[in-house]
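To start, the structure under review is shown below, and the notes come after it.
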Amino acid sequence: MKTNIGVFFGGRSTEHEISVISASQAMHAIDREKYDVTPIYITKQGHWYTGDALLDVKNYRNIPELLKQCQEVYMRPVYDDYNLYRGTKKMFGSDVLTKLDVVIPVLHGSNVEDGIFEGVLQTIGIPYAGCDVLSSANGMDKITMKMILQANDVPVVDYVWFTDNEWGNRRDEVVDRIEKRLGYPVIVKPANLGSSVGIGSAHNREQLIEKINEAERYSMRMIVEHLVEDLQEINCSVLGDCDDYRMSVLEEPIKSGDFLTYDQKYLGGGKGSKGMQSAQKRIPAELPKEETERIQYLAGETFRVLSCHGVSRVDVIVDRNTRKVYVNEINTIPGSLSFYLWEATGLPFDKLMDTLVKLALKRKRQQSLKTVSYDQNIFSLGGGGVKGAKGTKA
């Protein structure tokens, strides 16, 4: 029997539509001679559906009609139960719709890429490709990510972070802190979103307040960074696990303005979208050999120190005046899975998907060798093992 891959996508996220596009690309790239594919679409309300109609991206133009052609499903949070159950129970027969062998999450943004969904998969114990709870959370949160990178000598631009509560109650203090430490211009970001959602640049106090108010709509924590005005953006994908990984060729996204916008990333100046593949870019980036190697090294270090897994994309900033390189962020589940970078590196999309399956199974084998509990039952030893515990009654 062929391995059944469950591809999860969508979700309660501002990057919902981009996830649908990325997953569609990924599912069509999977070798059907070798694997079966079960699409699992998570609606914006958090319900799970499966069905062949989910494989055609054009069907998402009318979600209510699409869902009528699909079956609502769920998985039980029970370890070692890889079954996908029908949401509506049958009167007779099994409630199991199918059994998954491995999961590939193609989910972007908060509530799905930040460790929350990965925690569900780890509770079930099913093999899955991609970062675990810890690395997903750290990779998604721009504040903790920068703290970890700084502690491991990976260069990042200077920054100030704060909460929405601080902004609401001590606004003047926050503004003073930003102006004293960073000055202008700066770039304002929600701490835990991707795809340039809620991001804006500020060149004075009035703009700063406006952009923070916008970012606060999306996140409870914000980060304000020094804006490198004459910058060059370079991206590099990393594939593997934190002990054994490789880097792709580099790309240079083509932008207008201070940063690459959502439309520039995904709409490519037109009405249709092919995910990150549609963004204008130079592949490979036209850089000297030593700069290319430096950026690839920093991308690999970012992947390593965050304990990443699967395929990620690391975005860096190069100051055109000093040629200093700074790591901007990591995308632990990148748009389009960065397949176009791996194709340019010599790894076709179907082989990329095959590699992700193998990585998922490899990690599962490694985890199975670890001790997670003891056979000994302390309650059978007498005394219950709770001596001195407050509130315990005999």
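The values are calculated or read from the model by the stated rules, or taken from the named source; none is laboratory data. Just so it is clear, the structure is predicted and the values come from calculations on it, not from any experiment. In this analysis, Cβ positions are derived from the backbone assuming ideal geometry, glycine residues included, and neighbour counts consider all displayed protein chains.
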In segment 220-244, what residues are in contact with a helix residue (DSSP H, G or I) (Cβ under 6 Å, 6 or more places away or on another chain), assigned by TED's automatic domain parsing to the domain that holds ARG304 and either outside any strand (DSSP E or B) or over 14 Å from ASN328 (Cα atoms) (or both)? VAL238, CYS242
Residue that is nearest to VAL311 (Cα to Cα), among those in segment 57-95 that are surrounded by 13 or more Cβ atoms within 10 Å (Cβ to Cβ) and hydrophobic (A, V, I, L, M, F, W, C): VAL57
ILE116 passes all but one of the listed conditions (1) of a type in the set (A, V, I, L, M); (2) touching a residue at least 12 places away in the same chain (Cβ under 8 Å); (3) touching a helix residue (DSSP H, G or I) at 6+ places or on another chain (Cβ under 9 Å); the exception is number (2)
Members of segment 295-315 that are part of a helix (DSSP H, G or I) and either among the acidic types (Asp, Glu) or over 24 Å from the mean Cα position of the chain (by Cα) (or both): GLU301
I'd like to check something: does segment 149-163 contain any residue that is buried (at least 21 other Cβ atoms within 10 Å of the Cβ), within 21 Å of the chain's Cα centre (by Cα), of a type in the set (S, T, N, Q) and part of a helix (DSSP H, G or I)? no
Scan segment 164-181 for residues that are under 24 Å from LEU231 (Cα atoms) and surrounded by 20 or more Cβ atoms within 10 Å (Cβ to Cβ) and report the count. 1
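Would you mind stating whether ASN328 is at pLDDT 90 or above and under 26 Å from the mean Cα position of the chain (by Cα)? Steps first, answer last, please.
Numbers: at pLDDT 90 or above: yes; under 26 Å from the mean Cα position of the chain (by Cα): yes.
Spelling it out, ASN328 is indeed at pLDDT 90 or above and under 26 Å from the mean Cα position of the chain (by Cα).
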